[in-house]
1. Determine how large the accessible area of residue 1 is when every protein chain is in place; take a 1.4 Å probe and give Å² rounded to the nearest 10.
2. Could you tell me the ratio Rg/Rh of the chain? Both radii from Cα atoms, Rh via Kirkwood.
3. Within segment 7-92, list the trypsin sites (Lys or Arg not before Pro) lying in a DSSP loop whose Cβ has at most 11 other Cβ atoms in a 10 Å radius.
4. Which residues' amide hydrogens lie under 5 Å from the amide hydrogen of residue 3, considering only partners 5 or more residues apart or on another chain, with H built in the peptide plane?
5. For segment 6-12, in order, what is each residue's ³J(HN,Hα) by Karplus, 6.51 cos²θ - 1.76 cosθ + 1.60 with θ = phi - 60°, in whole Hz (x at glycine and Pro)?
6. Which distance in nm do the two modelled labels at residue 3 and residue 88 give, with both placed 7 Å along the Cα-to-Cβ direction?
7. Carbon-plus-sulfur fraction of the accessible area of segment 2-89, 1.4 Å probe, in percent?
8. Hey, what number do you get for the chain at 222 nm if only DSSP H runs of n ≥ 4 count, each worth -39500 (n - 2.57), divided across all residues, to the nearest 500?
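The values are calculated or read from the model by the stated rules, or taken from the named source; none is laboratory data. As the structure is a prediction and not an experimental result, all values here were calculated from the model. Using ideal geometry, Cβ is built from the backbone for each residue, glycine included, and neighbour counts are taken over all protein chains shown. Only protein heavy atoms, including side chains, enter the accessible area calculation; ligands, DNA and RNA are left aside. Shrake-Rupley method; radii C 1.70, N 1.55, O 1.52, S 1.80 Å.
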Amino acid sequence: MVTGGFRTRVAMEAALASGACDLIGIGRPAAVLPHLPKEIILNEDVKDGDASVRLKPLVMPGWVKWAPITSLGAGKQSEYYGEQIQRIARGLRPVDSRA
Ligand SMILES: Cc1cc2nc3c(=O)[nH]c(=O)nc-3n(C[C@H](O)[C@H](O)[C@H](O)COP(=O)(O)O)c2cc1C
């Protein structure tokens with residue numbers, strides 16, 4: 001299984017067809033678009049060219065760049081997308097941050 005950076009059906013199918021993996025994971029896009037797999041990626045009514053998702057980059061506070069911990073940006077991202085999952089748990093819609 002591979003998770004990370006998959007944003008298009010074409011790329012997912014190519015990875016599976018190559019035998020590099022048997023399962024594709026979707027992280028951040030699924031946190032803001034939980035219906036993405038069923039309604040877009042696996043929906044045969046959606047053409048290959050449209051079966052994709054692009055997210056707006058998260059705007060980090062300026063100090064993150066200067067902090068002496070290189071993984072801080074990843075932590076801030078997990079925090080943001082984790083909050084979106086919590087919104088779903090509370091019955092709210094996640095913020096749709098598609099580009
Ligand atoms: C809310 C959230 C929590 C995550 N928690 C973990 C974790 O506990 N362990 C881990 O190895 N990766 C974790 N990740 C990283 C994801 O597994 C994945 O590698 C990363 O989001 C890149 O995939 P994506 O481009 O589909 O988002 C987390 C990501 C998000 C958004």
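1. Result for residue 1: roughly 150 Å² accessible.
2. 1.02
3. Sites meeting the loop and neighbour criteria: 47, 54, 90.
4. For residue 3, the qualifying residues are 25.
5. Residue by residue, segment 6-12 yields 6, 10, 10, 4, 4, 5, 5 Hz.
6. Result for the modelled spin labels: 1.1 nm.
7. Looking at segment 2-89 in its full context, I get 58 percent from C and S.
8. Numbers: 4 runs with 36 residues, N = 99.
My calculation for the chain gives -10500 deg cm²/dmol from helical runs alone.
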